[in-house]
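Novice: Before I ask anything, let me first share the structure, which is written out below as structure tokens.
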Amino acid sequence: MIKKEVFIGFVVGLIANGIGLIAAIFIFGNGDGIETTIKQSIAQGFFSKLVSIGAILNLIAFFLFIKVKRDYRARGVILATVLVAIVTFLVNFI
């Protein structure tokens, strides 16, 4: 039961981060497609900034789960955030 709650929070965290990343691309992008903007941001070195802006939705999901007493789901959101941070680090520095 606990693993299921953490997994749900993890999936919510990944989805929230993805939606936030796409929103950041539409707000700060130059009008090209999503794929083109991501490739340009990696080449120019500001991909981590876009992902960081996208992670704001994770913050909202985390505090929402804490407010409704879903602590294990909040842990899943934190795990998703840590995973995205590690992947972003690897994309930028490798």
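The values are calculated or read from the model by the stated rules, or taken from the named source; none is laboratory data. Everything quoted here is computed from the prediction, not taken from an experiment. Glycine gets a Cβ as well: all are built from the backbone with ideal geometry, and neighbour counts include every protein chain shown.
Novice: Looking at (1) surrounded by 16 or more Cβ atoms within 10 Å (Cβ to Cβ); (2) more than 15 Å from VAL91 (Cβ to Cβ); (3) not aromatic (Phe, Trp, Tyr), find the lone condition where ASN17 falls short.
Specialist: (2)
Novice: Taking segment 29-60, which residues are more than 24 Å from ILE94 (Cβ to Cβ) and among the hydrophobic types (A, V, I, L, M, F, W, C)?
Specialist: ILE56, LEU57, LEU59, ILE60
Novice: State yes or no: is LYS49 more than 15 Å from the chain's Cα centre (by Cα) and charged (D, E, K, R)?
Specialist: Answer is no for this residue.
Residue-by-condition table, conditions (1) surrounded by fewer than 18 Cβ atoms within 10 Å (Cβ to Cβ); (2) at pLDDT 95 or above; (3) of a type in the set (A, V, I, L, M):
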| position | (1), (2), (3) |
| --- | --- |
| GLY54 | no, no, no |
| LEU59 | yes, no, yes |
| ILE66 | yes, yes, yes |
| LYS69 | yes, no, no |
| GLY76 | no, yes, no |
| LEU79 | yes, yes, yes |
| ALA85 | yes, no, yes |
| VAL91 | yes, no, yes |
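The rows are residues; the columns are (1) farther than 14 Å from VAL12 by Cβ; (2) basic (Lys, Arg).
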{"site": "GLY29", "(1), (2)": "yes, no"}
{"site": "GLU35", "(1), (2)": "yes, no"}
{"site": "LYS49", "(1), (2)": "yes, yes"}
{"site": "LEU57", "(1), (2)": "no, no"}
{"site": "PHE65", "(1), (2)": "no, no"}
{"site": "VAL82", "(1), (2)": "yes, no"}
{"site": "ALA85", "(1), (2)": "yes, no"}
{"site": "PHE89", "(1), (2)": "yes, no"}
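Table: residues versus (1) assigned to a helix (DSSP H, G or I); (2) over 30 Å from LYS4 (Cα atoms); (3) of a type in the set (A, V, I, L, M); (4) touching a Gly at 6+ places or on another chain (Cβ under 6 Å).
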site: PHE26; (1), (2), (3), (4): yes, yes, no, no
site: ASN30; (1), (2), (3), (4): no, yes, no, no
site: GLN40; (1), (2), (3), (4): yes, yes, no, no
site: LEU57; (1), (2), (3), (4): yes, no, yes, yes
site: LEU64; (1), (2), (3), (4): yes, no, yes, no
site: GLY76; (1), (2), (3), (4): yes, no, no, yes
site: LEU83; (1), (2), (3), (4): yes, no, yes, no
site: THR88; (1), (2), (3), (4): yes, no, no, no
site: ASN92; (1), (2), (3), (4): yes, yes, no, no
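Novice: Here's a follow-up. Considering segment 28-77 alone, what residues qualify as being touching a residue at least 24 places away in the same chain (Cβ under 8 Å), on the phi > 0 side of the Ramachandran plot and not small (Gly, Ala, Ser)?
Specialist: Those that are touching a residue at least 24 places away in the same chain (Cβ under 8 Å), on the phi > 0 side of the Ramachandran plot and not small (Gly, Ala, Ser): none in segment 28-77.
Novice: Which residues, counting only those in segment 33-52, are over 15 Å from ILE19 (Cβ atoms), modelled with pLDDT of 85 or more and among the polar types (S, T, N, Q)?
Specialist: THR36, THR37, GLN40, GLN44, listed by residue number.
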